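Just below is one structure, and these are the notes that go with it.
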Amino acid sequence: MELKTRPLGKTGVQTTILGLGGEGVLRTTGRGKEAYSLINRALDLGITYCESARAYAGSEEYYGPALRERRRDVFLTSKSHARDKKGAEAHLATTLRNMKTDYLDLWQVHDVRTEDEIQEIFGPGGAIEAFAAAKERGSVRFVGVTGHHDPRITLRCLELFPFDTVLLPVNPGEALSDGFVKTVIPAAVRKGMGIIGMKVYFRGLAARLPWYKGMEPFFRFALSQAVTLAVIGTDTVEQLEENVTLACTYTAMTPHEQEALIQAVSPYARELMYYKP
């Protein structure tokens with residue numbers, strides 16, 4: 001079995017439809033041996049998209065020793081939650097040092113939630129100045145933004161800067177109202193952006209649903225949307241291998257199947273989702 005790939009929007013880069021998320025065992029400290037095994041197993045299985053963030057505990061530091069000579073085999077990403085230029089510049093310097101690389105393939109403005117944050121990030125001396133400068137000098141190849149809580153805020157970000165990618169929740173709960181699936185994804189498609197799905201399994205809460213029989217329907221739902229890939233964090237190599245199997249055997253959901261899953265989730269959606277309209 002081989003992992004399928006899709007184009008990351010207009011970047012021209014092909015990435016696997018499954019990415020290794022920075023959550024799970026990677027969002028810890030003091031578990032270097034497990035992290036090393038997980039990262040290298042992901043690469044052995046063909047995953048090319050690897051994610052981290054400055055806010056993710058020891059995640060960036062795990063990647064440095066694990067990648068070594070394999071750095072060129074991956075599309076390496078991280079994020080900064082700094083809202084000012086100086087803070088973002090400091091984050092990037094730390095990220096590159098931790099990951100033992102001289103560039104990132106993708107650097108993302110992390111988790112923008114409020115109008116006040118937008119004013120700070122995109123105003124004079126804001127973080128976006130650091131992101132734009134880093135791309136211009138080649139420290140990062142592409143610049144993205146991530147939205148977790150409010151699709152209206154993410155849409156505002158897309159209006160204010162020509163981001164290459166957007167990372168957002170993609171699950172049947174988000175398709176029930178004016179969530180990310182119905183609002184941000186279409187806007188990103190119109191702009192030719194690379195779209196990266198997260199929270200595919202409702203942050204692991206899908207397993208609490210009374211009719212739960214496995215993660216496959218949620219994975220298929222996410223990849224049946226207009227996304228490049230789904231990024232999923234894992235606690236063990238076994239979980240990683242299960243996700244890779246789902247990716248290798250993936251077939252798109254029909255509209256009827258998607259609607260059935262949306263309706264099945266609907267009684268629990270507010271509990272499962274970050275954004276509660």
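Results for (1) in a loop (DSSP other than H, G, I, E, B); (2) in contact with a helix residue (DSSP H, G or I) (Cβ under 7 Å, 6 or more places away or on another chain), shown as yes or no for each residue.
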residue: Tyr56; (1), (2): yes, no
residue: Tyr62; (1), (2): no, yes
residue: Pro65; (1), (2): no, yes
residue: Arg68; (1), (2): no, no
residue: Arg72; (1), (2): no, no
residue: Ala90; (1), (2): no, no
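Return the total of residues in the range 82-101 being among the hydroxyl-bearing types (Ser, Thr, Tyr) and over 16 Å from Val143 (Cβ atoms). So that I can check it myself, show each step before the final result.
From the range 82-101, those among the hydroxyl-bearing types (Ser, Thr, Tyr) are 94-95, 101; that's our starting set.
Still in the running and over 16 Å from Val143 (Cβ atoms): 94, 101.
So the count comes out to 2.
Just to be sure before I move on: is Gly58 surrounded by fewer than 22 Cβ atoms within 10 Å (Cβ to Cβ) and at pLDDT below 95 in the structure I sent? Step through it out loud before you land on a result.
Numbers: surrounded by fewer than 22 Cβ atoms within 10 Å (Cβ to Cβ): yes; at pLDDT below 95: yes.
Here the answer is yes, as Gly58 does meet what is asked.
For every residue, the table says whether it meets (1) at positive phi; (2) in contact with a Gly (Cβ under 9 Å, 6 or more places away or on another chain); (3) outside any loop (DSSP other than H, G, I, E, B).
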site	(1), (2), (3)
Asp178	no, no, no
Gly192	yes, yes, no
Arg220	no, no, yes
Gln225	no, yes, no
Ile232	no, yes, yes
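Considering only the range 100-156, state which residues are over 21 Å from Val74 (Cα atoms) and either among the acidic types (Asp, Glu) or in a strand (DSSP E or B) (or both).
Within the range 100-156, Asp111, Glu115, Asp116, Glu117, Glu120, Gly126, Glu129, Glu136, Asp150 meet the criteria.
Taking only pairs six or more apart or across chains, which ones have beta-carbon atoms under 7 Å, a first residue in the range 255-270 that is in a helix (DSSP H, G or I), and a second residue that is modelled with pLDDT of 95 or more?
Gln258/Phe221; Gln258/Ser224; Leu261/Phe221
Please work out if Ala188 is in contact with a Phe, Trp or Tyr (Cβ under 9 Å, 6 or more places away or on another chain) and modelled with pLDDT under 95. Spell out how you get there, then give the answer.
Working: in contact with a Phe, Trp or Tyr (Cβ under 9 Å, 6 or more places away or on another chain): yes; modelled with pLDDT under 95: no.
Against the criterion (in contact with a Phe, Trp or Tyr (Cβ under 9 Å, 6 or more places away or on another chain) and modelled with pLDDT under 95), Ala188 does not qualify.
Failed condition for His148, given (1) within 26 Å of Leu96 (Cβ to Cβ); (2) at pLDDT 95 or above, with all others met?
Result: His148 fails condition (2) only.
Being in contact with a strand residue (DSSP E or B) (Cβ under 8 Å, 6 or more places away or on another chain), at pLDDT below 95 and more than 25 Å from Met193 (Cα to Cα) narrows it down to one of Arg68, Arg31, Arg27, so name that one. Working first, answer last.
Working: Arg68 fails: in contact with a strand residue (DSSP E or B) (Cβ under 8 Å, 6 or more places away or on another chain); Arg31 fails: in contact with a strand residue (DSSP E or B) (Cβ under 8 Å, 6 or more places away or on another chain).
Among Arg68, Arg31, Arg27, only Arg27 is in contact with a strand residue (DSSP E or B) (Cβ under 8 Å, 6 or more places away or on another chain), at pLDDT below 95 and more than 25 Å from Met193 (Cα to Cα).
Identify the residue in the range 132-147 that is out of contact with any strand residue (DSSP E or B) (no Cβ under 8 Å at 6 or more places or on another chain) and among the charged types (D, E, K, R) and, among all such residues, is farthest from Ala187 (Cα to Cα).
Arg137
The values are calculated or read from the model by the stated rules, or taken from the named source; none is laboratory data. Note that the structure is predicted; figures quoted are calculated from it, not measured. Cβ atoms come from the backbone with ideal geometry, glycine included; neighbour counts cover every protein chain shown.
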